[in-house]
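The values are calculated or read from the model by the stated rules, or taken from the named source; none is laboratory data. All figures in this text were calculated on a predicted structure; none of them were measured in a lab. As a convention, Cβ positions derive from the backbone with ideal geometry for all residues, glycine included, and neighbour counts pool all protein chains shown. Heavy atoms of the whole protein, side chains included, go into the accessibility calculation; ligands, DNA and RNA do not. Shrake-Rupley method; radii C 1.70, N 1.55, O 1.52, S 1.80 Å.
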Amino acid sequence: MKIGIFTDTYHPSINGVVSVVDILRHNFTLLGHEVFVFAPGEGLRIEQTADVHVYKFPTFKGGLFNDLNTPLFFPPMLLNDIKKLDLDVIHFLTPGQVGLMGLYAAHELKIPVVSEYCTDLFEYVEHYPFALPVLITALLLLPLAIPMTKDQLFELYRSSRPRLGIGKWNKSLIRDLMTILHSSCNTVIVHSKKSARQLASWQKDEFNYRTYLIPTGVDPLPKANQTERDEFCKKYKISPTDEVVIYVGRLSQEKNLDLLIDMMPDLIKKRPNAKLIFVGDFDYRETLERNAKKSNNARIIFTGRMPREKLGIPLSIAKVFAFPSLSDTQGLVLHEAALAGVPIVMCDPLVSEVVKNGENGFYCKNNAKDMANKIAAILNDDKLQKSMSAKGKIIAGRLSEKAQAKKIIDLYKKIS
């Protein structure tokens, strides 16, 4: 098959969506399919990349996320390029201009189209309310991307009307944008029960669609050798007696990361050798560092961003992986941690198919005391740690990259 993947975020950005694109592209290719990626570029021209399978849209600075550019919508030359590729299916992962371009091309060229719901924008706009202009732009561009009835156009107009409360308006726009957009696709892939329930609750009689639960597959990260572990521990002053609790991911406001800092005093009372490590970076890091200093907690470490192929190093010394986020759609890092044999404590019980309460981790309430208690329960029991470590590897190992990629290929064939 010839597969077109459309995404509003790609290299050099580093985030979960980029990881999903890389995993899909790599495994589809291994399975014998030809994959073309359409993504934002760095300037006002269509970029000629060294990789003939990657097309970069012209863009200008600024967008929904701080580290992204905004693509210019519907370059006619690009539509002609897409037509020449003779794609069998179009798959888009974001509802921005590149995603809408994929939807537009699918309808214009009569190609089956799949949407993959990767980002919980409903939660995102809680923390970034001034994303409103970008959302309105995306909503108003929908009639250019897909054919719409009079009733659908009225619904679009109704959604874009100003209303009191920027937070409520943002959420209303997200709900209507995603519902109209998904109803124009052949099917929608979701990563978790959480996303499946959310999208089901948004559907209306005139805007409906079918969802398929297919978490992104993940293979084990490269194993760390002893030299790498020793160097990491020396750099961040981690002693053999320290009990490392780790978080890996983007340090952004919507990830609920203050909970980890707030729970440390309770955890240290129970386990004096506990040490918290944040692996990652983004615009909320400075706030987290200030909060850690205010609490006079010297047992909190920030490493900054690490390449994905090096994440096996900090995971190899971790006793527990802590995941407070309530805004993720699956959390690939949870899958990676489980494969690395690290027990997990997390707040959102519906966000992951690889964490089973009491088997390879614990669900906790969204409060510092309960998270500290759950982490301490694992640290207190060597036998439980080993059991959860082994179970996590088994559960996560069933959802390999190749196995999950095959499920998506089967879905493509079903709608073709």
- Task: State which residue is farthest from the chain's Cα centre (by Cα) when the search covers only the range 237-253 and only residues that are surrounded by fewer than 19 Cβ atoms within 10 Å (Cβ to Cβ) and over 15 Å from Lys319 (Cα atoms).
- Result: Lys237
- Just wondering, is there one or more residues in the range 375-385 that are outside any helix (DSSP H, G or I) and either in contact with a Lys or Arg (Cβ under 9 Å, 6 or more places away or on another chain) or over 28 Å from Gly32 (Cα atoms) (or both)? yes
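Scanning for something touching a residue at least 60 places away in the same chain (Cβ under 8 Å) and closer than 30 Å to Lys2 by Cβ, does the range 348-361 turn up at least one residue?
Pass one, the range 348-361, residues touching a residue at least 60 places away in the same chain (Cβ under 8 Å): 348, 350-354.
Filter again for closer than 30 Å to Lys2 by Cβ, leaving 353.
Yes, because at least one residue in the range 348-361 is touching a residue at least 60 places away in the same chain (Cβ under 8 Å) and closer than 30 Å to Lys2 by Cβ.
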- Message: If I filter the range 255-269 down to residues being in a helix (DSSP H, G or I) and aliphatic (A, V, I, L, M), which single residue comes out as most open to solvent (accessible area, probe 1.4 Å)?
- Response: Ile268
- Item | the range 1-37, subset among the small types (Gly, Ala, Ser), touching a residue at least 24 places away in the same chain (Cβ under 8 Å) and farther than 13 Å from Ile90 by Cα, residue most open to solvent (accessible area, probe 1.4 Å) | Gly16
- Note on the structure: Counting only residues that are of a type in the set (Lys, Arg) and modelled with pLDDT of 70 or more, the range 143-164 contains a total of 2
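Mind checking which residues of the range 206-227 are of a type in the set (Asp, Glu) and surrounded by 16 or more Cβ atoms within 10 Å (Cβ to Cβ)? Full working, then the answer.
Pass one, the range 206-227, residues of a type in the set (Asp, Glu): 206, 219.
The one that is of a type in the set (Asp, Glu) and surrounded by 16 or more Cβ atoms within 10 Å (Cβ to Cβ): Asp219.
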- Message: Testing Glu309 on (1) in contact with a strand residue (DSSP E or B) (Cβ under 8 Å, 6 or more places away or on another chain); (2) open to solvent by 50 Å² or more (accessible area, probe 1.4 Å), one condition comes back false. Which one is that?
- Response: (1)
- Query: Any idea which of Ile136, Ile90 is open to solvent by 20 Å² or more (accessible area, probe 1.4 Å) and either closer than 30 Å to Tyr284 by Cα or modelled with pLDDT of 90 or more (or both)?
  - Reply: Ile136
- Subset of the range 167-205 (residues that are within 18 Å of Pro147 (Cβ to Cβ), hydroxyl-bearing (Ser, Thr, Tyr) and either at pLDDT below 85 or open to solvent by less than 30 Å² (accessible area, probe 1.4 Å) (or both)): Thr179, Ser184
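A quick yes/no check of all residues on (1) part of a loop (DSSP other than H, G, I, E, B); (2) open to solvent by 10 Å² or more (accessible area, probe 1.4 Å); (3) under 27 Å from Tyr117 (Cα atoms); (4) of a type in the set (Phe, Trp, Tyr):
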| residue | (1), (2), (3), (4) |
| --- | --- |
| Pro272 | yes, yes, no, no |
| Lys275 | no, yes, no, no |
| Phe278 | no, no, yes, yes |
| Asp283 | yes, yes, yes, no |
| Asn296 | yes, yes, no, no |
| Ser316 | no, yes, no, no |
| Leu326 | yes, yes, yes, no |
| Val345 | no, no, yes, no |
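Regarding the range 246-254, can at least one residue be identified that is part of a helix (DSSP H, G or I) and in contact (Cβ under 8 Å) with a residue 60 or more places away in the chain?
Within the range 246-254, the subset part of a helix (DSSP H, G or I) is 253-254.
Next, only the ones that are in contact (Cβ under 8 Å) with a residue 60 or more places away in the chain stay: 253-254.
Yes, the range 246-254 contains a residue that is part of a helix (DSSP H, G or I) and in contact (Cβ under 8 Å) with a residue 60 or more places away in the chain.
Is there a residue being within 23 Å of the chain's Cα centre (by Cα), closer than 30 Å to Lys110 by Cα, open to solvent by less than 20 Å² (accessible area, probe 1.4 Å) and of a type in the set (S, T, N, Q) anywhere in the range 357-366?
Residues of the range 357-366 that are within 23 Å of the chain's Cα centre (by Cα), as a first pass: 357, 360-366.
Subset that is closer than 30 Å to Lys110 by Cα: none.
No, there is no match, as no residue in the range 357-366 is within 23 Å of the chain's Cα centre (by Cα), closer than 30 Å to Lys110 by Cα, open to solvent by less than 20 Å² (accessible area, probe 1.4 Å) and of a type in the set (S, T, N, Q).
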